[in-house]
Amino acid sequence: MTQNTSSAFWNKIAEKYAARPLDDPEAYEVWLAQVISCLKKTDRVLEVGCGTGSTALRLAPHVQSFLAADFAPRMIEIAEEKWATDGADNLRFVCTDPFSEELSPADGEPYDAVMAFSFLHLVDAPDQMVQHLANQLRPGGLLITKTVCLKQLAFVFVPLIGLMRLFGKAPPVKMVGAKELDEMMLSAGLKIVEEQNFGQKVLQRFIIARKA
Ligand SMILES: C[S@@+](CC[C@H](N)C(=O)[O-])C[C@H]1O[C@@H](n2cnc3c(N)ncnc32)[C@H](O)[C@@H]1O
């Protein structure tokens, strides 16, 4: 199975992405604390679409090992630069496709937690991606996601993103719905244990789902 979305857009905007301030720092801290509260010191974690690694750098000290991946080389270079300053020893960044063998755990044991933040709406087939990520988990392991859900406002965002793409200002974006996202989780053998908006943002769904 392959995803053919180009990494060129993300590579080009990596510096800008790294420099941008958080939209809502308070909501981010609350959300991060919630993610940390469901992790254990013994957990082996995979994050896909990690960008410049800000969240991985914050989460890694709370688990045993943390592998963070992104397909845009410049995103990973910046993540590694940040890591070199104050990164935890158990954190490793890798530039690769989410379906790559490189992301299989070295010891063959599935992950305790797999994460994807602001990511699922950017892949060609979000349902296949959810299934793939679920496949990387041990039974009882957690898939933790935050996803931009634009489907209810597709009439605004489809033309807007289309126009932005003409000028190289946006990547391809899937119009994912919150309900659809729930169904993807269920079809992938996951049970949703927590679901809410990210802060006040009704278009960003934070979901914690457990593999049966
Ligand atoms: C919106 S950014 C989110 C970054 C980070 N997770 C965060 O929350 O700040 C999306 C990231 O996903 C990566 N990405 C997009 N599509 C991808 C794909 N098909 N495979 C791997 N990475 C992808 C991009 O390179 C980018 O770094």
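Considering region 1-17 alone, what residues qualify as being more than 8 Å from the ligand (Cβ to nearest atom), part of a helix (DSSP H, G or I) and either in contact with a Phe, Trp or Tyr (Cβ under 8 Å, 6 or more places away or on another chain) or among the charged types (D, E, K, R) (or both)? Those that are more than 8 Å from the ligand (Cβ to nearest atom), part of a helix (DSSP H, G or I) and either in contact with a Phe, Trp or Tyr (Cβ under 8 Å, 6 or more places away or on another chain) or among the charged types (D, E, K, R) (or both): LYS12, GLU15, LYS16. Looking only at residues of region 53-89 that are of a type in the set (Val, Ile, Thr) and within 11 Å of the ligand (Cβ to nearest atom), we find that the one that is surrounded by the most Cβ atoms within 10 Å (Cβ to Cβ) is ILE76. If the condition is being assigned to a loop (DSSP other than H, G, I, E, B) and either under 17 Å from the mean Cα position of the chain (by Cα) or surrounded by 14 or more Cβ atoms within 10 Å (Cβ to Cβ) (or both), then region 25-52 contributes CYS38, LEU39, ASP43, GLY49, CYS50, GLY51, THR52.
Filter region 18-52 down to residues that are among the aliphatic types (A, V, I, L, M) and more than 14 Å from the ligand (Cβ to nearest atom) and give me whichever is farthest from LEU203 (Cα to Cα).
Within region 18-52, the match that is farthest from LEU203 (Cα to Cα) is LEU39.
The requirement of being modelled with pLDDT of 95 or more, under 21 Å from GLU180 (Cβ atoms) and either more than 11 Å from the ligand (Cβ to nearest atom) or not basic (Lys, Arg) (or both) is not satisfied by VAL94. Taken together, the criteria place ALA106 among residues that are farther than 26 Å from GLY177 by Cβ, assigned to a loop (DSSP other than H, G, I, E, B) and without any contact (Cβ under 8 Å) to a residue 12 or more places away in the chain.
The values are calculated or read from the model by the stated rules, or taken from the named source; none is laboratory data. Computed from a predicted structure; not experimentally measured. Every residue, glycine among them, receives a Cβ derived from its backbone with ideal geometry; neighbour counts consider all protein chains shown.
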